[in-house]
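The values are calculated or read from the model by the stated rules, or taken from the named source; none is laboratory data. As the structure is a computational prediction, the values presented were derived from the model and not from experiment. Cβ placement follows ideal geometry from the backbone for every residue including glycine, while neighbour counts extend to all protein chains displayed. SASA here: full protein model, heavy atoms, side chains in, ligands and nucleic acids out. Shrake-Rupley method; radii C 1.70, N 1.55, O 1.52, S 1.80 Å.
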Amino acid sequence: MTPSSRPPSRATRGWRLQTKLIVSMLLVGVVPLLVGLGMAFWQGSKEIHEVSGESFKALATEAARKLDLLVGEEIARTSRIAADPVMIRELERRRDLTLAAGGKPSPSLEEFQRKWESKDPATVRAITDNPLAGLLREYYSGARSEPDELIPQVVRGATRMLFVTDIQGHVVAALTDKPHFDNSRFVWWKGSYNRGIGQLYIEDVYFDEQAGTYAFSISLPIMDSLRYEAVGVIHRIIDAKEFFSPSTQPIRFGKTGHVMLIDHRGIVVSCPILPTGVRLSDASLIPLVTPREPGWTNAPSDGHGGSSSSIIGFSPLPETSRNTNGSLEAGSWHTFVWQSSDELFGPIKHLFTWMTVFGSIAVGLLATLGYLAATRIVTPVRQLQQAAQSIGRGELRQTIEIKTGDELEALAEEFNRMNRQLEAAFAGLTDQVTLKTQEVQYLQRSTDEILDAVPTPILIVDDQEQVQYVNRTARDVFGFSEAPGQLFDALPVDASQQQQLRQELWAHHKRDAVLVPAAERANSADEVRDPLVPRRMSHTRQAELQLGTHLYRYEWFRVTGRPGESDRIGLVLRDTTDESRMQEKLVEAEKSGSLGVLTAGIGHELNNPLFGILGLGEALQDNCDPARVKSYAQDIVQHGKRMATIIRDFTGIAAREVSDQRQMVHLEREMDDALAAITSGVDISELTVERHYVGDTVVSALPDQLQQAFMNLLLNAVQAMKWKGTLRLATAVVERTVVATIADSGPGIPKSHLSKIFDPFFTTKGQGEGSGLGLTVARRIIRKFGGDIRLESVEGAGTSCLVTLPLLASNSSSKESPWTASESPIFPQASRSS
């Protein structure tokens, strides 16, 4: 490939080193410069905002204080009128007349009101020229003011109406004929009269149709001589703009800065720019500038129709607001200090302009210096680049000459050394590659030979279920000469086994641990099962596959894949057909052996009643008493029925009995009958029986089966004592349960045997003395009737067997059993013995 035909290198395709150096120097210099200038601009802007905001706040607070004093002075002047004795006496007289008339309007009063509203001259003079009206004129003109308290001309000019009402809201004196005659329906009158209590009431700015202007009003109650109740109200309506403008318009700063007064609704009371009565153009600005405390805010608009952000200072008129609409919560007035955004932020814009100029100059200087420095660095680097390209092509025949006296010169020397070493290393590299290839091929052949020597089929599968490898045994068993492709083409299994194998295979691909295909399944110790069915030799279910006539056990294993490839999964199959057949033969042999055990159990159960029949038969031979003979014959019949019942139980017939075959059984009688059955024909001269019965308790059971259970328990007890000692029988009632106790004075049961005592065929007796089924059958019968059996034994001191059954009826009160597990010795002194 010629140099002209070589593809462009990455260095020529991207940015050149010189460009990168220049850009890096610019970034290193410009970024800190811009960050510094930006922080300075941000800090300067912030300080200007804060200084302007605090200045506006102070100005708003001072303006609010002055306006509050102005309103307060007007309230004080109105209060002096309300406190005039002449005014009070006249209103008290009118109150007394009204109360004497019952407070009802007279026809003459209604006629007077009609004439007033029609501007009848005589009626108008009666209101505007009476003594009280003259008194109002004197105060209005300042004739009754103190020499040092002259009423300003602006106050007199701003007052549009001044009149007095009585306790019914009717006008009694006025300066003009504009007031309404009946004012009791107006909010200001109700707020000021306040049901006779009286209070100062300042009304928010509104448009007064009578005065023809936006105005606010001041209403004061006129209290009686005792200052106990209001006898009238004095009401003054004042032009808002004319009243406040002399105080707000002189406050100007800059070209556009001024102070305005608004109420809590955002309605302008006084402003040099906006007319009185209009609402602020931006409704979202109102809650920002009408809080109860003075302050300043960065507002989204200027409130004068502009949308640019601005700084606004504000402050409430506390005294005026407290009495507006009756309370501070109902209404409040606020001063509003504003200046045009262009004028306010002019210094910030000048600062930004100068900072931009200085930044541009600094960037130009940095770019020039960066170009000069990059040129000196890039020239030797390009020489190294060309030398590296020559080394890559194997064409470098001369050394690299760079004389800069720094790291670039040292790098050139290293390039020269590397070139010499590469020439020497490449000389023997081909032989080493050939040798390594032969070693890898040898290892692969050895692995294949080892797997082919394994006598079990082995398959290796990838994550796509493709068979990658089969050993020689698998090829011979399944009859294919090479890898068959899909896994389930090689293993002819049904759909359910395919699903199981596929799930296990994918589980291996998703985790690193080897999947154990066998599942542990524990058998319950108390499970009821056929004694002819042998127990399983192993509690582990093996993973098995049925392939044709052969049964295989299988196991998965992981095979590490080549670099860049996923791991593969191996499958090992072991033929267990002969082993399974041998297992079945062993099970059949175990079943045959169990028949002998079953025969021994039947003989044990039939031995007790048969032994009783033999004893009674011998007694019949020597006894001639007909009554006794008849009694013995009846006992023989009972023993025969019991034997028939035992045979039915072992053949499965008794299991089909239903609950309605149960009878009411007297527990104590069954215990005595069972004892009589096992002791008939036996020498019991050395056996002492003690009875402690709570009464005649009744349970629901099958009599034959219940007696059979007690016979098994009693026989175990007397056999444990070898028919010598004390046998104690007791019953007790605990809540709705009867507890029957059979206690012997035998040697007791070792602790090591207590956990096995109810296992079928478990016995500690000698050969031929018992089959180990007595307690098992007794427990099965008692549980069938809803009860249970519990053994309590102290080795060397005897055994107590406690039988619990649901109580059906009882003729005695609830008592505890005389024998419990906590008592020692086990057998207390008997109260009654036989």
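Details
- Proximity of backbone amide H atoms, modeled 1.01 Å from N, is registered between V738 and L805, L807 at under 5 Å, excluding neighbours fewer than 5 places apart on the same chain.
- Evaluating 6.51 cos²θ - 1.76 cosθ + 1.60 at θ = phi - 60° for every residue in region 39-46, the Karplus couplings come out as 5, 5, 5, 5, 5, x, 4, 4 Hz, glycine and proline recorded as x.
- Taken about its Cα centre, region 400-494 carries a charge dipole of about 380 debye when Lys and Arg each add +1 at the Cβ and Asp and Glu each add -1 at the Cβ.
- Net charge dipole size for region 692-770 [Lys, Arg +1 and Asp, Glu -1 on Cβ; Debye, nearest 20]: 320
- Two-site label geometry, A410 and R502: point separation in nm, points 7 Å out along Cα→Cβ: 6.5
- Sequence of T335, T764 when ordered by accessible area, the most exposed leading, probe 1.4 angstrom: T764, T335
- With a Förster radius of 51 Å applied to the beta-carbon distance between W42 and V187, the computed FRET efficiency rounds to 0.50.
- Across H350, H334, the residue with the most accessible area heads the list, and the full order at a 1.4 Å probe is H350, H334.
- These residues, M25, M39, go from largest to smallest accessible area, 1.4 Å probe, as M39, M25.
- Solvent-accessible area of R236 with every protein chain in place, 1.4 Å probe, in Å² to the nearest 10: 10
- Rolling a 1.4 Å probe over the protein chains gives H304 an accessible area of about 40 Å².
- Base-10 log of normalised Debye intensity for region 22-153 (one unit scatterer per alpha-carbon) at q = 0.11, 0.18, 0.23 Å⁻¹: -0.71, -1.12, -1.29
- Hull-based mean projected area of region 114-254, where the convex hull spans the alpha carbons, in square nanometres: 10.5
- Förster radius 41 Å - calculated FRET efficiency between R227 and S118, Cβ distance, rounded to 0.05: 0.60
- Estimated from the Cβ-Cβ distance and a Förster radius of 35 angstrom, the FRET efficiency linking V440 and E465 is about 0.80.
- Residue separation of R783 and V35 scaled by 0.36 nm, minus their Cα-Cα distance, works out to 260.3 nm of gained length.
- K190 accessible area, 1.4 Å probe, all protein chains in place, Å² to nearest 10: 120
- Phi angles of region 79-89 translate, via the Karplus equation with coefficients 6.51, -1.76, 1.60 and θ = phi - 60°, into HN-Hα couplings of 5, 5, 5, 5, 9, 5, x, 4, 4, 5, 5 Hz per residue; Gly and Pro are given as x.
- Links that overshoot a 24 Å alpha carbon limit, given the list K57/K255; K190/K241; K751/K784; K66/K241: K190/K241; K751/K784
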